[in-house]
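Report on one structure; see the data block that follows.
The values are calculated or read from the model by the stated rules, or taken from the named source; none is laboratory data. Just so it is clear, the structure is predicted and the values come from calculations on it, not from any experiment. As a convention, Cβ positions derive from the backbone with ideal geometry for all residues, glycine included, and neighbour counts pool all protein chains shown. Ligands, DNA and RNA are stripped out before the accessible areas are found, and what is left, the full protein with its side chains, is counted by its heavy atoms. Shrake-Rupley method; radii C 1.70, N 1.55, O 1.52, S 1.80 Å.
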Amino acid sequence: FEFTHDKQTKCFNRNSYIDYIRGRKNLSSIGLVAVDINEIRGIAEMFGPDYADDVILQLVGRIRKTFPDDRGFRMGYDSFIIICENIEQLKFNVYASRLRENLLYGEFTACCGYVWTDCNIDVRRMEDHAANLLYSEKQRWYEQQDCHSVKWNTLKKALNYMYIFTCFFVHVIMR
């Protein structure tokens, strides 16, 4: 289990992904989704690594809720790939769009890119295409960061005010 699965999330790991690519056969179609959390390093710096780990687990929960019967692979600290085998394009697009919607709201946001094909299946090429779509979406997200990060910036300001108030309060008490 440890060789094939990520210990924290219980998703398949990168080794499983490589084995999957080598061993998959006889697929009529495949859909691939690449997902990456926005500002995870900032979240970890501001709230600590344990909170960032909770955010990652929340993301996995959203993925599993949207794609309960499909393969989720943890590819890096905050990046995942979901593979849907033998799925109709319309059904896959509905699931992928639903996941994208679910990633825009909550305690964190994430971006995704997704592709589907039913001919000349090349998972590596699909992964590259989905990653390019993900990074295009992420670039648009960062260009509009002020709009998307209102909650994040508000929370940072609130924490700074709490820290300043706490320091002031402790200083007053210590007098």
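At a glance:
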read-out: Anchor residue 10: aspartates and glutamates whose Cα lies under 15 Å away (excluding residues fewer than 8 positions away in-chain); value: 2, 53, 54, 69, 70, 78
read-out: For region 76-122: Kirkwood Rh in Å [reciprocal of mean 1/r, alpha carbons]; value: 12.2 Å
read-out: Calculated FRET efficiency for the pair residue 98/residue 57, C-beta based, R₀ 30 Å, to 0.05; value: 0.95
read-out: Solvent-accessible area, 1.4 Å probe, carbon plus sulfur percent, for region 54-116; value: 48 percent
read-out: In nm, spacing of pseudo-spin labels at residue 25 and residue 4 (7 Å Cα→C-beta vector); value: 1.7 nm
read-out: Reciprocal of mean inverse Cα separation for region 1-156 (Kirkwood radius, Å); value: 16.1 Å
read-out: √(5λ) per eigenvalue of the Cα gyration tensor, region 1-56, largest first, Å; value: 30, 15, 7
read-out: Gain on full stretching of the segment that runs from residue 85 to residue 14 - 0.36 nm per residue minus C-alpha separation; value: 23.8 nm
read-out: Using a Förster distance of 22 Å, the FRET efficiency for residue 50-residue 144 (Cβ separation, nearest 0.05); value: 0.15
